[in-house]
Amino acid sequence: MDAVMDALQGFGVSTTHYLQTNYQDAQGLFLWVSWAADLRNTFFIFFPLWFQLRPSVGIKLIWVAVIGDWLNLVFKWILFGERPYWWVHETPYYSDSGRPHIEQYPMTCETGPGSPSGHAMGAAGVYYTLVTSILALAVSKTKQGSKKNTNRGWYLKAALWTMFCGVQVCVCLSRVFIAAHFPHQVVAGVITGMIVAEAFNRTEWIYNASMKKYCYTTVFLTSFAVGFYLLLKAVGVDLLWTLEKAQRWCVRPEWVHLDTTPFASLLRNMGTLFGLGLGLHSPLYTETKPSRSRLVKAGCVVSSLVLLHLFDSFKPPTHTAVLFYLLSFCKSAAVPLVTVSIIPYCVSGALSLPSKKGV
């Protein structure tokens, strides 16, 4: 089994070396794709946009992203996947003279295990959700029996699924290019992400979940992950074994970021889910929900994107891990809370002022 994995990972390193050697001019594109595929952009861009236009799609995006990333963490802890940028230095697969040189980039030195790829899994889940949601909306507006509308629906489906495949190929190539993942890890991520998204396409209770369910789900997911970590640590298995490898083999210490650690990801996602529950059950959301006109929705979209962009510039201090994790949870919870309840309430109030003055 070890020989098979070594051969598979050796092929992956060869693929990374080939891409870095022959497509060096595309470095900027690959780095941008890795940045764009980060789940942070789902929370700060896709969610505020879609929630204001179609709340059910926004809610599903959060659940797919959060549960998918939580499963990704658990899978990584179970599978103990290596990453190319450290494996190539430690493996006996190569002789010292035949060890290929692999370049590193600012997004290379992630600190968690490598399998499956979180970026590939997140991008697959999010874009699969968007494509299927758009197609479902299109179908609901298509008149039955109209050949013209049937052709339009077919063209739309072909265009969206082609775009989906193109995005996944770009994300996979990007993660392999920067030596963050082996090819088999990104393929596993895409498949797993699509399965998670399809599961939530068949799940209805999330749209009417009570605040109690949000609390219970947040506590259960957090407790399971922490308990799993503590249980294995008690029997001598350190699930944070990759931190030492990242710090040892990353060519620049400042590229090893605390926000890529497994617990940072866990608390960020749990904060987002908890914040969504708070926002959906806030009196501010209940008060403004029935009266949202197109103008109000447009104002909410613009305000959300601008305010969250400014909010994202706040980076919790990293000198104390516990403080960093706590502030990450609070920051993540604030994003859906502000998007769902506070911004719509303020925008609705501001746009209603002129009409009230004229009465």
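The values are calculated or read from the model by the stated rules, or taken from the named source; none is laboratory data. Remember, it's a predicted structure, so these values are computed and weren't measured experimentally. Here the Cβ positions follow ideal geometry from the backbone for every residue, glycine too, while neighbour counts run over all protein chains shown. Heads up: the accessible areas ignore ligands, DNA and RNA and are worked out on the full protein's heavy atoms, side chains in. Shrake-Rupley method; radii C 1.70, N 1.55, O 1.52, S 1.80 Å.
A compact table of results
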read-out	value
Selection count where residues are in contact (Cβ under 8 Å) with a residue 60 or more places away in the chain and farther than 20 Å from GLU244 by Cβ, scope segment 95-106	5
Qualifying positions in segment 158-183 - surrounded by fewer than 24 Cβ atoms within 10 Å (Cβ to Cβ) and in contact with a helix residue (DSSP H, G or I) (Cβ under 6 Å, 6 or more places away or on another chain)	LEU160, PHE164, VAL167, GLN168, CYS170, PRO183
ILE45 being surrounded by fewer than 22 Cβ atoms within 10 Å (Cβ to Cβ), among the aliphatic types (A, V, I, L, M) and part of a helix (DSSP H, G or I)	yes
The listed residue being within 25 Å of GLY227 (Cβ to Cβ), open to solvent by less than 40 Å² (accessible area, probe 1.4 Å) and out of contact with any His (no Cβ under 9 Å at 6 or more places or on another chain), out of LEU327, LEU276, LEU258	LEU276
Subset tally (residues that are modelled with pLDDT of 90 or more and either among the small types (Gly, Ala, Ser) or surrounded by 13 or more Cβ atoms within 10 Å (Cβ to Cβ) (or both)) for segment 299-320	9
Answer residue from segment 121-152, given it is β-branched (Val, Ile, Thr) and more than 29 Å from ASP69 (Cα to Cα) and is modelled with the highest pLDDT among those	VAL139
Residue ID - nearest to the chain's Cα centre (by Cα), chosen from residues in segment 118-136 that are open to solvent by 20 Å² or more (accessible area, probe 1.4 Å) and over 12 Å from LEU39 (Cα atoms)	TYR128
Breaking point among (1) closer than 29 Å to ALA264 by Cβ; (2) out of contact with any Leu (no Cβ under 7 Å at 6 or more places or on another chain); (3) at pLDDT below 95, for TYR155	(1)
Filter result for VAL251 (touching a Ser or Thr at 6+ places or on another chain (Cβ under 9 Å) and surrounded by 15 or more Cβ atoms within 10 Å (Cβ to Cβ))	no
Residue in segment 43-64 that is modelled with pLDDT of 95 or more and over 30 Å from PRO344 (Cβ atoms) present	no
Verdict on TRP86 being within 26 Å of LEU239 (Cα to Cα), among the hydrophobic types (A, V, I, L, M, F, W, C) and buried (at least 20 other Cβ atoms within 10 Å of the Cβ)	yes
Residue, farthest from the chain's Cα centre (by Cα), within segment 214-240, restricted to residues that are more than 16 Å from VAL74 (Cβ to Cβ) and touching a residue at least 12 places away in the same chain (Cβ under 8 Å)	CYS215
Selection within segment 330-354 - surrounded by fewer than 20 Cβ atoms within 10 Å (Cβ to Cβ), closer than 20 Å to GLY299 by Cα, of a type outside the set (Phe, Trp, Tyr) and at pLDDT 90 or above	ALA334, ILE342, CYS346
From the options THR15, THR21, residue that is without any contact (Cβ under 8 Å) to a residue 40 or more places away in the chain and assigned to a helix (DSSP H, G or I)	THR21
Flag for ARG268 being free of Cβ contacts under 8 Å to residues at least 24 places away in the same chain and under 30 Å from CYS165 (Cβ atoms)	no
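A quick yes/no check of all residues on (1) in a helix (DSSP H, G or I); (2) under 29 Å from GLU198 (Cβ atoms); (3) open to solvent by 20 Å² or more (accessible area, probe 1.4 Å):
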{"position": "PHE51", "(1), (2), (3)": "yes, yes, no"}
{"position": "ALA65", "(1), (2), (3)": "yes, yes, no"}
{"position": "ASP69", "(1), (2), (3)": "yes, yes, yes"}
{"position": "TRP77", "(1), (2), (3)": "yes, yes, no"}
{"position": "TYR93", "(1), (2), (3)": "no, no, yes"}
{"position": "PRO106", "(1), (2), (3)": "no, no, yes"}
{"position": "PRO116", "(1), (2), (3)": "no, yes, no"}
